[in-house]
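This report refers to the structure that appears directly beneath it.
The values are calculated or read from the model by the stated rules, or taken from the named source; none is laboratory data. Here the structure is a predicted model, which means the values were calculated and not measured. Every residue, glycine among them, receives a Cβ derived from its backbone with ideal geometry; neighbour counts consider all protein chains shown. These accessible areas exclude ligands, DNA and RNA; they are computed on the full protein's heavy atoms, side chains included. Shrake-Rupley method; radii C 1.70, N 1.55, O 1.52, S 1.80 Å.
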Amino acid sequence: LPVLATHQITKRYGATIALRNVDFQVHAGEIHALVGENGAGKSTLIKILAGAVRKDSGEIRLDGKKIELQEPAAAQRLGIRVVYQDFSLFPNITVGENLLVGRWHSRLPGLVDWKACYRRAEELLQGIGFQLDVRKPLNSLGVAEKQMLEIAKAVAEQPRLLILDEPTAVLEEEETQRLFGVVRRLRQSGTGIIFISHHLEEIFTLADRVTILKDGQVVDTRPTASTTKDE
Ligand code: ADP
Ligand code: ADP
């Protein structure tokens, strides 16, 4: 049973058909690359899965169960997490606060045990092998650090389905390798992972399967050649 299965998803913007009868599946513990030229429909598909855009027709199933994704909160509740290239982090608070927003979202004095909060934030970062001072303000970080933090935050929620939109675009080689390690570890926990990428080499290094979209349609889906991707 796939983690995610879309059945005949169609989406139009006026006269433009962004997605046409898209059937797409992601299995537990699968890293699935989604590729296609600009305008192929990749963003539209992930926005539908994120609850940010509504499909016109078709069905979405999560672990076999039909789901409605009318709004981002619905996707989040179901364990679908999307990391976009635009950041969702808050610039004027610290790394640790950013990591835990949503868990302890109240900043009312006395209600939050900040010491415990920062300790937890440190554990989360250590858990993914990412070293960063949790008390640093977010706006003191570089773009790659922000991207890693964004991913750390998503991974910390142990999503059922994690979607990464060109996650390596702003990363250097070393950070890219660290990210791959994080994604592979998450795969072992059975999470389904979708990532959008333009880099063939990265797709064949990391992905178990690749699906190609063209003009809103799935034109190919196949396993990548190498089967053992764990170091
Ligand atoms: P990709 O992410 O693969 O570049 P998109 O999903 O962004 O593709 O776009 C698919 C098609 O839908 C394109 O023709 C694009 O111009 C169109 N499109 C995407 N978003 C909108 C929108 N908000 N309004 C109108 N057309 C859109
Ligand atoms: P990317 O593929 O890198 O995510 P896009 O250029 O596809 O970026 O889209 C950027 C934003 O513009 C998205 O929110 C998308 O929905 C919107 N968009 C894309 N194409 C159109 C369009 N033809 N008309 C209006 N909005 C669009």
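When residues in region 66-78 are screened for being surrounded by 12 or more Cβ atoms within 10 Å (Cβ to Cβ) and in contact with a Gly (Cβ under 8 Å, 6 or more places away or on another chain), 6 of them pass.
The set of residues in region 44-60 that are outside any strand (DSSP E or B) and crowded, with 20+ Cβ neighbours inside 10 Å comprises T44, L45, I46, K47, I48, L49, A50, G51, K55. Restricting D56, D133 to residues that are within 16 Å of ligand 1 (Cβ to nearest atom) and among the acidic types (D, E) narrows the list to D56.
Filtered by the rule that a residue be assigned to a helix (DSSP H, G or I) and buried (at least 21 other Cβ atoms within 10 Å of the Cβ), region 155-182 gives V155, L179.
Here A33 meets each of (1) within 16 Å of ligand 2 (Cβ to nearest atom); (2) part of a strand (DSSP E or B); (3) closer than 23 Å to T205 by Cα; (4) over 14 Å from the mean Cα position of the chain (by Cα) with one exception, condition (4).
Scanning region 79-111 for residues that are modelled with pLDDT under 75 and within 15 Å of the chain's Cα centre (by Cα), which turns out most open to solvent (accessible area, probe 1.4 Å)? Spell out the reasoning first.
Applying the first criterion (modelled with pLDDT under 75) to region 79-111 yields 86-87, 101-111.
If we keep only those that are within 15 Å of the chain's Cα centre (by Cα) too, we end up with 86-87.
Details: D86: 122, F87: 76 Å².
It comes out as D86.
In this entry, D63 passes the filter for residues that are surrounded by fewer than 20 Cβ atoms within 10 Å (Cβ to Cβ) and over 13 Å from the mean Cα position of the chain (by Cα).
Residue under question is K153, and the condition is that it be under 11 Å from the mean Cα position of the chain (by Cα) and either of a type outside the set (V, I, T) or at negative phi (or both); does it hold?
Details: under 11 Å from the mean Cα position of the chain (by Cα): yes; either of a type outside the set (V, I, T) or at negative phi (or both): yes.
For K153, the condition - under 11 Å from the mean Cα position of the chain (by Cα) and either of a type outside the set (V, I, T) or at negative phi (or both) - is met.
In the condition set (1) within 12 Å of ligand 1 (Cβ to nearest atom); (2) open to solvent by 50 Å² or more (accessible area, probe 1.4 Å), V35 is compliant with all but (2). All of T168, T176 fail the test of being within 16 Å of ligand 2 (Cβ to nearest atom) and not acidic (D, E), apart from T168.
Return the residues of region 190-215 that are polar (S, T, N, Q) and within 15 Å of the chain's Cα centre (by Cα); say none if nothing qualifies.
Here is the first cut: in region 190-215, the ones polar (S, T, N, Q) are 191, 197, 205, 211.
Matches in region 190-215: T191, S197.
Results for (1) touching a residue at least 60 places away in the same chain (Cβ under 8 Å); (2) in contact with a strand residue (DSSP E or B) (Cβ under 9 Å, 6 or more places away or on another chain); (3) of a type in the set (S, T, N, Q), shown as yes or no for each residue.
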{"residue": "A40", "(1), (2), (3)": "yes, yes, no"}
{"residue": "S43", "(1), (2), (3)": "yes, yes, yes"}
{"residue": "I46", "(1), (2), (3)": "yes, yes, no"}
{"residue": "A50", "(1), (2), (3)": "yes, yes, no"}
{"residue": "D63", "(1), (2), (3)": "yes, yes, no"}
{"residue": "Q70", "(1), (2), (3)": "no, no, yes"}
{"residue": "Q85", "(1), (2), (3)": "yes, yes, yes"}
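Taking the criterion of being surrounded by fewer than 20 Cβ atoms within 10 Å (Cβ to Cβ) and either part of a strand (DSSP E or B) or more than 11 Å from ligand 2 (Cβ to nearest atom) (or both), the residues of region 9-30 that qualify are T10, R12, Y13, T16, I17, R20, N21, D23, Q25, H27, A28, G29. In region 17-30, is there at least one residue being more than 9 Å from ligand 1 (Cβ to nearest atom), in contact (Cβ under 8 Å) with a residue 60 or more places away in the chain and among the β-branched types (V, I, T)? Yes: region 17-30 contains one or more residues that are more than 9 Å from ligand 1 (Cβ to nearest atom), in contact (Cβ under 8 Å) with a residue 60 or more places away in the chain and among the β-branched types (V, I, T).
Within region 184-228, restricting attention to residues that are acidic (D, E) and outside any strand (DSSP E or B), which residue is nearest to ligand 1 (Cβ to nearest atom)?
Let us first name the residues in region 184-228 that are acidic (D, E), namely 201-202, 208, 215, 220.
Still in the running and outside any strand (DSSP E or B): 201-202, 208, 215.
On the way: E201: 20, E202: 17, D208: 21, D215: 8 Å.
This residue is D215.
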